[in-house]
Amino acid sequence: MAPVENLRKNRTMIPVFFVIHDPTSLNYQGNDFGTQYRSAIFYHTPAQKTVAEGVIARLNAARLWGGPIVTEVTPASAYYPAEGYHQEYYARNPNQPYCRALVAPKIQKFRKHFLEKLRK
């Protein structure tokens with residue numbers, strides 16, 4: 001079974017995370033740069049850390065991307081929700097150039113690989 005197919009059977013959000021973004025890019029996603037755009041998984045328990053590290057090891061071994069995965073696996077800390085104007089941004093601004101160029105393709109990837117995860 002292909003690595004993406006194996007990921008699809010996983011019951012966590014980790015598969016979605018690795019399908020919709022480039023985990024080999026250090027401190028950037030699309031046109032956005034800075035540490036706030038790093039690829040990271042924040043875990044709450046040692047078990048979550050083990051799962052994340054195991055998935056990364058398997059994906060690196062499968063060589064799905066052109067380089068090694070740089071996704072950091074780090075303990076979760078304080079969480080701060082985004083400002084109100086960022087909430088549901090894509091739903092309110094689907095034709096904004098950033099949304100069309102960067103967000104829409106991620107949504108298409110999600111629907112292609114994980115349609116069964118959508119709320120009904």
ask   = By how many degrees, 0 to 90 and rounded to 10, does the Cα axis of helix 46-62 deviate from the longest principal axis of the chain?
value = 80
ask   = Bin by bin, in steps of 5 Å, what percent of the Cα pairs in the chain do you find, going until the bin that has the longest distance?
value = 2, 9, 17, 21, 24, 16, 9, 2, 0
task = Would you pull out the residues with amide H under 5 Å of Tyr43's amide H, same chain only if 5 or more places away, H placed 1.01 Å from N?
result = Thr74, Ala76
ask   = Lys109: which aspartates and glutamates have alpha carbons under 15 Å from its alpha carbon, excluding same-chain residues fewer than 8 sequence positions away?
value = Glu5, Asp22
ask   = What is the set of long-range amide H partners of Gln29 at a cut-off below 5 Å, with H atoms built 1.01 Å from backbone N?
value = none
ask   = Hey, with R₀ at 25 Å, roughly what FRET efficiency would Gln96 and Tyr43 work out to, going by the Cβ-Cβ distance, to 0.05?
value = 0.15
key: MRE, 222 nm, helices only [DSSP H, n ≥ 4, -39500 (n - 2.57), over the chain, to nearest 500]   = -10500 deg cm²/dmol
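Values quoted throughout were computed directly from the atomic coordinates according to the rules given, and no laboratory measurement underlies them. Since the model is a prediction, treat every value here as computed from it, not as a measurement. Cβ atoms come from the backbone with ideal geometry, glycine included; neighbour counts cover every protein chain shown.
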